[in-house]
Amino acid sequence: MTELSSPNLDSASQKPRISTENPPPPPPHISIGVTTGDPATSPARTVNQIKKITVLPLVFLIFYEVSGGPFGIEDSVKAAGPLLAIVGFIVFPFIWSIPEALITAEMGTMFPENGGYVVWVTSAMGPYWGFQQGWVKWLSGVIDNALYPILFLDYLKSGIPILGSGIPRVAAILVLTVALTYLNYRGLSIVGVAAVLLGVFSILPFVVMSFMSIPKLKPSRWLVVSKKMKGVNWSLYLNTLFWNLNYWDSVSTLTGEVENPSKTLPRALFYALLLVVFSYIFPVLTGTGAIALDQKLWTDGYFADIGKVIGGVWLGWWIQAAAATSNMGMFLAEMSSDSFQLLGMAERGMLPEVFAKRSRYGTPWVGILFSASGVIFLSWLSFQEIVAAENLLYCFGMVLEFITFVRLRMKYPAASRPFKIPVGVLGSVLMCIPPTVLIGVIMAFTNLKVALVSLAAIVIGLVLQPCLKQVEKKGWLKFSTSSHLPNLME
């Protein structure tokens, strides 16, 4: 056991562990220790040879895990009109995105390993609830990822009608899924570079459109509310806002692959937050302020039509191409998060050891194949069903995260936190109240079919964990905890 005087860990082979031992005066505190192993055989040594992610690629990976650009926010205007859409994308980040990003920064730097939120919940509530967190988060991520090949083809079918239905569409979904899965297999550094390039290509047309729209803007158009509030579709409105402004914690499952996470993760979350919010607000201001309002036209893909009106056909095609490629970026980022989560769970002994195996590129190839299979299996669901189902499962996971955040503040108040939100226990409770209330509101607007399907998925997780324990006990599959990781139960 080695005691550290600094909260930062520069060596990738040294992972933090929370210890309740009291060192000599000054007064007792909870210290951070590390377990060291044989450098020649330590798994951390092998992982350390893999190129780590720096700030810029991480910013765009977060951007794509959360957003990917303003594609899909059109329904907020259709549901509630320009005023509530604009207000929603300004206010909602303070209620949800900022608290979630801050919690991710604090706990992600406190536990810099690939299990992410699974490790957080395990440390506060035990391995059973840690597994439940992993199950619902992985399932919601795979459900989310099932959208992107479908949306990619939806943007292309106007130019290539054969992709609209039938065998050609099914074949295109399979080919696209296989191609993007292969990119994930080839390495997270490649995914990071792809995310940067795709992100720049997706954002630029909206920058151009915003400047070109200035002479046509009429601010009075921003003040319109859908039929004086009576015609607001609150379910569609809230689900659209929530879907486009959540998943900030997804990056936590990649923390073990980040260079100097204690500094890189908080910075990347901050820059990504600004990028996401601005990428929503300015296109909505442009689209609603420069063109006369027709709410029924505000559906997926409408920004391409707005681009044609403001800048010409070339801008409309650029936005359409950006929308298609954005879905590729979101697929890559989400699959990276999902597959590394499974790797982190296997390293903690929650899943069979095979999920912890890495390819020669350092990627969790079993987790990638498992996640890709789930994407293909769920691709038959409709867009609205996917969004509602993943939102409900995600809400369940977020409730566990909020409880974990407060519990760790109470259980280990003096633990080393490289990034710490400047609030006490009471402040941490108060910070979690608004997003928890929002979760209740979203659940209240969920239809019965989606609620029953989501509940069934949660019940499967409750039963699955004891079943896996029996499989381990019988010796049917091999489970093991990586020796280079700290014991969360100490």
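The values are calculated or read from the model by the stated rules, or taken from the named source; none is laboratory data. All values derive from a computational prediction rather than experimental measurement. For neighbour counting, all protein chains shown are included, and Cβ atoms are generated from backbone atoms with ideal geometry for every residue, glycine included. In case anyone asks, the SASA skips ligands and DNA or RNA and just uses the protein heavy atoms, side chains included. Shrake-Rupley method; radii C 1.70, N 1.55, O 1.52, S 1.80 Å.
Got a sec? Which of I190, I203 is in contact with a helix residue (DSSP H, G or I) (Cβ under 9 Å, 6 or more places away or on another chain), modelled with pLDDT of 95 or more, surrounded by 15 or more Cβ atoms within 10 Å (Cβ to Cβ) and of a type in the set (A, V, I, L, M)? Steps first, please.
Details: I190 fails: modelled with pLDDT of 95 or more.
Going through I190, I203 in turn, the sole match is I203.
Under 27 Å from G108 (Cα atoms), open to solvent by 90 Å² or more (accessible area, probe 1.4 Å) and free of Cβ contacts under 8 Å to residues at least 60 places away in the same chain: is that true of L452 in this structure? The answer is no for L452. Identification of helices (runs of 4 or more DSSP H) wholly contained in segment 83-194 with 3 or more residues that are more than 20 Å from I376 (Cβ to Cβ) and hydroxyl-bearing (S, T, Y) yields 117-125.
Here's a check for you: in segment 428-449, which residue that is outside any helix (DSSP H, G or I) and open to solvent by 50 Å² or more (accessible area, probe 1.4 Å) is nearest to T240 (Cα to Cα)? Show your work before the answer.
Going through segment 428-449, the residues outside any helix (DSSP H, G or I) turn out to be 445-447.
Now restrict to residues that are open to solvent by 50 Å² or more (accessible area, probe 1.4 Å): 445, 447.
Working: F445: 12, N447: 15 Å.
Out of the qualifying residues, it is F445.
Taking segment 273-314 as the search range and keeping residues that are β-branched (V, I, T) and either on the phi > 0 side of the Ramachandran plot or in a loop (DSSP other than H, G, I, E, B) (or both), which one is surrounded by the fewest Cβ atoms within 10 Å (Cβ to Cβ)?
First, the residues of segment 273-314 that are β-branched (V, I, T): 276-277, 281, 284, 286, 288, 291, 299, 306, 309-310, 313.
Then keep just the ones that are either on the phi > 0 side of the Ramachandran plot or in a loop (DSSP other than H, G, I, E, B) (or both); that gives 291, 299.
On the way: I291: 19, T299: 11.
Restricting to residues being β-branched (V, I, T) and either on the phi > 0 side of the Ramachandran plot or in a loop (DSSP other than H, G, I, E, B) (or both), the top hit is T299.
Cβ-Cβ distances below 7 Å connect the following pairs, each with a first residue in segment 274-298 that is over 23 Å from F60 (Cβ atoms), a second residue that is among the basic types (K, R), and a separation of six or more residues or different chains: T288/R221; G289/K218; G289/R221; A290/K216; L293/R221; Q295/K78; K296/K78; W298/K78. Can you name every residue in segment 334-348 that is open to solvent by less than 10 Å² (accessible area, probe 1.4 Å) and either charged (D, E, K, R) or not in a helix (DSSP H, G or I) (or both)? E334, D338, listed by residue number.
A single entry from E472, E390 fulfils the requirement of being at pLDDT below 90, of a type in the set (D, E) and either farther than 21 Å from L343 by Cα or open to solvent by 20 Å² or more (accessible area, probe 1.4 Å) (or both): E390. If you go through segment 475-490 and keep only what is at pLDDT below 90 and either part of a loop (DSSP other than H, G, I, E, B) or open to solvent by less than 30 Å² (accessible area, probe 1.4 Å) (or both), you end up with S482, S483, H484, L485, P486, N487, L488, M489, E490.
Set side by side, the residues S326, S235, S252 differ, and just one is within 29 Å of the chain's Cα centre (by Cα), assigned to a helix (DSSP H, G or I), modelled with pLDDT of 95 or more and not hydrophobic (A, V, I, L, M, F, W, C), which is S252.
Within segment 255-270, the set of residues being of a type outside the set (A, V, I, L, M) and not in a loop (DSSP other than H, G, I, E, B) comprises T255, G256, E257, P261, S262, K263, T264, P266, R267, F270. Cβ separations smaller than 7 Å between residues 6+ apart or across chains give no pair from segment 424-442 residues that are touching a residue at least 24 places away in the same chain (Cβ under 8 Å) to residues that are hydroxyl-bearing (S, T, Y) and open to solvent by less than 60 Å² (accessible area, probe 1.4 Å). Of all residues in segment 304-320, those that are more than 15 Å from I203 (Cβ to Cβ) have Cβ atoms under 9 Å from Cβ atoms of residues that are open to solvent by 20 Å² or more (accessible area, probe 1.4 Å) and among the acidic types (D, E), 6 or more apart or on another chain, in G316/D305. Looking only at residues of segment 403-427 that are basic (K, R) and crowded, with 18+ Cβ neighbours inside 10 Å, we find that the one that is modelled with the highest pLDDT is R409.
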